[in-house]
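Quick note: the coordinates plus some simple rules give every number you see, no bench work behind them. Just so you know, these numbers come straight off a predicted model, no measurement behind them. Heads up, the Cβs are rebuilt from the backbone with ideal geometry, glycines too, and the neighbour counts pull from every protein chain shown.
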Amino acid sequence: MEQYREQPNALRALLRSMPKGADLHSHLSGAVYAEDYLKLSAQQGYCLHRSTLELQEPSRCKADPALLPTSELPNHVQLYSALLDRWSTRDVAAGGGSGHADFFGAFQGFSLLSSNPRLQGLMAASVANRAAAQSIHYLELMLTLNGDSVVQLGRQLGWNGDAKKLRQQLLTGGLDALVKQGREQIARIDADRAAALNCGSSSAQPGCRVTVRFLQQTKRTLAPAEVFAQLLYAFELAQRSEHVVGINLVGPEDHPIARRDYSLHMSMLAALRSHYPEVGIALHAGELTLNLVPPEEITFHIREAITIGGARRIGHGVSISYETNARELLALMANLKVLVELCLTSNAVILGIQNNDHPFLEYQQAGVPAALASDDEGVLRTDLTEQFVQAVRRYGLNYSQLKQLARNSLAYSFLPGQSLWTTVNNAKLNPSCAQHELGASSIGPSCSALLANSAKARLQWLLETDLQRFERQAVRELQPK
Ligand SMILES: [Zn+2]
């Protein structure tokens with residue numbers, strides 16, 4: 001790898017096949033490439049308004065000359081290109097600078113498709129295939145199930161400040177039924193994913209090798225009653241569905257409502273989370289710059305997410321050095337083993353933060369566990385491999401540091417079960433497997449038992465096996481002929 005440090009193309013080729021563990025921060029709707037959305041919409045018979053580029057349901061596509069079936073789009077290259085720009089930050093990435101509005105605007109364009117539960121399994125399948133091609137073992141995809149119905153229920157009951165009482169009222173007032181519905185929905189989405197990939201058959205696609213779980217999202221830009229209902233729903237769903245392993249809060253952190261209610265949302269999490277100790281909490285926090293909010297509002301989001309909201313993982317954390325007592329907060333994250341999900345391309349495109357303006361090295365120096373993540377690889381037109389390349393190119397990481405990031409991504413995943421490692425920095429193996437060479441194919445009974453009982457440890461062992469194979473092959477290929 002050192003040999004390729006100054007050759008980004010060769011480095012990319014090498015790192016593409018490096019086993020990477022997990023992508024822990026990936027929004028399903030944003031992970032799908034515009035080209036894949038177009039394929040889906042063509043298959044389903046959607047059409048597009050020729051001048052506004054607005055997508056229309058198949059039922060509305062007849063007899064209006066202004067509407068073009070999306071299956072026709074490849075014959076209209078200018079429209080096709082304009083649509084790719086609308087549904088992604090492609091034009092921003094080409095021109096440089098910050099794509100905040102462009103990014104959040106993109107989701108509007110394809111929301112008819114991305115919010116359709118009948119398509120979400122197919123979307124997950126395309127994301128899984130892309131992950132497999134990069135030797136990614138595990139995806140924790142964020143999505144929003146039953147969003148509208150839950151929000152509506154919350155609005156009906158209102159917010160009275162009494163979280164305990166409201167929780168009961170929501171559960172008996174219809175939320176419980178929605179959770180049952182959500183459980184069936186996510187099971188169907190996962191079955192659709194497996195079916196689209198032909199998993200379990202002789203024509204299984206590469207994506208079948210990737211384990212997929214989900215995190216239920218809560219939109220943080222809505223009224224307090226609506227946010228509370230969504231949070232409760234997310235906790236309940238994650239507790240009751242094997243497919244959903246945790247929760248997250250989404251929407252621009254600098255949105256006026258998200259800012260006004262930030263501390264309120266954290267206190268809602270504090271009131272709810274004691275009922276659901278097994279549910280993983282990852283929070284977007286510190287996806288901020290001085291340009292986006294007044295200085296006093298950039299000083300507390302990450303700390304409150306951890307100390308009040310109970311976040312075990314922080315998404316982005318870009319504004320860490322602007323927090324009050326930043327050094328102490330970094331030490332706290334290291335001590336509490338709170339992982340930071342570093343989304344380098346996302347931060348560059350959406351926030352305009354890259355290279356040394358990014359606190360990547362501050363996190364490394366403070367010993368905060370970290371993992372690389374893609375955030376929205378489709379909209380941002382990137383992938384996890386590019387994050388690994390940037391970690392080497394921009395922050396000088398060596399191969400063993402990259403391995404550490406890959407190991408972290410599985411160790412800090414919300415997959416159930418004991419970890420293969422007993423220390424934060426993955427330095428000490430679980431005693432059950434300590435007598436074996438890492439990733440060995442034949443193992444004794446105690447290690448077998450650990451892997452059989454822990455979904456997490458199983459993937460961790462697989463990562464080690466794959467790393468061994470990758471390293472042997474890379475060394476062979478790089479030897480002078
Ligand atoms: Zn995100």
Distant-in-sequence amide H partners of LEU145 (H built 1.01 Å from N, under 5 Å): GLN217
The chain: C-alpha gyration tensor shape, a/c 1.5 cut-off, then a/b vs b/c: rounded
Loop-located GluC sites (Glu not before Pro) in segment 419-481 whose Cβ has at most 15 other Cβ within 10 Å (DSSP): GLU437
Residue-wise HN-Hα coupling along segment 67-72, computed from phi with Karplus coefficients 6.51, -1.76, 1.60 (Hz; x: Gly, Pro): 9, 10, x, 5, 5, 7
Cα gyration tensor category, rounded, prolate or oblate, for segment 1-113 with a/c compared to 1.5: prolate
Rg/Rg_ref, segment 327-481, where Rg_ref = 2.2 N^0.38 Å and atoms are Cα: 1.15
Low-density loop positions, trypsin sites (Lys or Arg not before Pro), segment 11-97 - DSSP coil, at most 16 other Cβ in 10 Å: ARG50, LYS62
Euclidean distance of C-alpha centroids, segment 166-230 and segment 296-360, integer Å: 27
Residue order, fewest to most beta carbons within 10 Å, for TRP159, TRP87: TRP159, TRP87
Cα-based equivalent ellipsoid, segment 35-87: semi-axes from gyration tensor eigenvalues, Å: 16, 13, 9
Cross-link partners of LYS20 among lysines (Cα-Cα below 19 Å; sequence separation of 8 or more within a chain): LYS403, LYS456
Qualifying lysines (Cα of each under 24 Å from Cα of LYS219; at least 8 residues distant if same chain): LYS164, LYS165, LYS180
Local electrostatic count, TYR33, Cβ distance below 12 Å [Lys/Arg +1, Asp/Glu -1]: -1
Amide H partners (placed H, <5 Å) of HIS25, local residues excluded: SER374, ASP375
Cβ-based charge dipole, the chain, positive-most Cα from VAL227, LEU15, PHE103: LEU15
Table column - 3J(HN,Hα) (Hz), segment 293-310, Karplus curve with 6.51, -1.76, 1.60, x for Gly and Pro: 9, x, x, 6, 8, 9, 9, 9, 4, 5, 4, 5, 4, 7, 7, 10, x, x
Which of LEU342, SER267, ALA177, positive extreme of dipole for the chain (C-beta unit charges): ALA177
For segment 76-208: rounded, prolate or oblate by the Cα gyration tensor [a/c cutoff 1.5]: oblate
For ALA285, distant residues with modelled amide H under 5 Å away: GLY315, GLY317
Relative packing of peptides 241-251, 273-283 - highest average C-beta neighbours within 10 Å first: 241-251, 273-283
For segment 417-481, alpha-carbon Rg relative to the globular expectation (2.2 N^0.38 Å, N residues): 1.26
3J(HN,Hα) from dihedral phi, segment 11-18, Karplus parametrisation 6.51/-1.76/1.60, rounded to Hz, x for glycine, proline: 5, 4, 4, 5, 6, 4, 8, 5
